[in-house]
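The block underneath contains the structure these notes are about, expressed in structure tokens.
The values are calculated or read from the model by the stated rules, or taken from the named source; none is laboratory data. Worth saying up front: this structure is predicted, and the values here are computed from it rather than measured. We place every Cβ from the backbone using ideal geometry, glycine too, and count neighbours over all the protein chains shown. Remember, those area values only see protein heavy atoms, side chains included, never the ligands or the DNA or RNA. Shrake-Rupley method; radii C 1.70, N 1.55, O 1.52, S 1.80 Å.
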Amino acid sequence: MRFLRRSSADTTATEAESAEADAVDVQGKKAYTPSKGKATPKRREAEGKRRGPVAPPPTTMREAMKRNKELRKANPVSKEERRSAAKERRDRMMAGEDKYLLPRDRGPVKAYVRDLVDSRRNLLGLFMPLAILVFVALLVPYPAAQQYVTLLCTAMLLVMAIEGFVNGRKIAKLARERFPKETINGRSVGWYAFVRASQIRKLRVPKPRLKPGDPIPN
């Protein structure tokens, strides 16, 4: 009863036709890409991986100078350009531009405190000249003169301390009234005003915008 069984030739032909049909079916459909199992990294992350890890901040002055030297070698800039850039930064800092100020001097509150201090005459402004007077007195070979200068300086320092304390409280109160939405630390503002007032006017950074007696701008 061989006619009921398929010959090996027929089986081979059938398998070949099935393979061709599968090939046509695969070619007719779009290629399927299996999922990667994770999200595609962003461009910033990919660039960060290519560039490598970010170096930690320098811990010593020598390390900071070494890095600056390496950066200058990588991006060579002439001395004139560096001097010009440094001068521009200093000029803007002295003019009071918030972007170029030190963190301790930034913000409208600190600018207002500076204006309050600069618009007044304070005994604290004599602090540095008084320190120079004490130094000179120590060089004079007269014990009596040294004693008188020491007593005078002690009395002046006491008066300056009282004035600085009173002015600090007043300035902190005025700052809270001017900026009610700001969180103002009375000690921090008072100390900032004390340090500002104890400096010679010409050496204050940034430069005073007001002269003694000028009204505070709104």
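Consider region 72-91 and keep the residues that are hydrophobic (A, V, I, L, M, F, W, C) and modelled with pLDDT under 75. The one that is surrounded by the fewest Cβ atoms within 10 Å (Cβ to Cβ) is 74. When residue 182 is tested against (1) exposed (fewer than 14 other Cβ atoms within 10 Å of the Cβ); (2) charged (D, E, K, R); (3) closer than 27 Å to residue 91 by Cα, just one condition goes unmet, and that condition is (3).
Yes/no per residue for (1) in contact with a helix residue (DSSP H, G or I) (Cβ under 6 Å, 6 or more places away or on another chain); (2) assigned to a loop (DSSP other than H, G, I, E, B); (3) within 11 Å of residue 111 (Cα to Cα):
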residue: 176; (1), (2), (3): no, no, no
residue: 180; (1), (2), (3): no, yes, no
residue: 184; (1), (2), (3): yes, yes, no
residue: 188; (1), (2), (3): no, no, no
residue: 194; (1), (2), (3): yes, no, no
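Only residues that are open to solvent by less than 80 Å² (accessible area, probe 1.4 Å) and either in a loop (DSSP other than H, G, I, E, B) or in contact with a helix residue (DSSP H, G or I) (Cβ under 8 Å, 6 or more places away or on another chain) (or both): list them for region 161-174, please.
Going through region 161-174, the residues open to solvent by less than 80 Å² (accessible area, probe 1.4 Å) turn out to be 161, 163-164, 166-168, 171-172, 174.
163, 164, 167, 168, 171, 172, 174 - these are the residues of region 161-174 that are open to solvent by less than 80 Å² (accessible area, probe 1.4 Å) and either in a loop (DSSP other than H, G, I, E, B) or in contact with a helix residue (DSSP H, G or I) (Cβ under 8 Å, 6 or more places away or on another chain) (or both).
Only residues that are of a type outside the set (Val, Ile, Thr) and either at pLDDT 95 or above or open to solvent by 50 Å² or more (accessible area, probe 1.4 Å) (or both) were counted across region 198-207, and they come to 5. Here residue 177 fulfils each of the conditions (1) surrounded by 15 or more Cβ atoms within 10 Å (Cβ to Cβ); (2) within 29 Å of the chain's Cα centre (by Cα); (3) of a type outside the set (Lys, Arg) apart from (1). Scanning region 137-160 for residues that are part of a helix (DSSP H, G or I), without any contact (Cβ under 8 Å) to a residue 24 or more places away in the chain and open to solvent by 70 Å² or more (accessible area, probe 1.4 Å) yields 138, 139, 143, 147, 148, 150, 151, 152, 154, 158.
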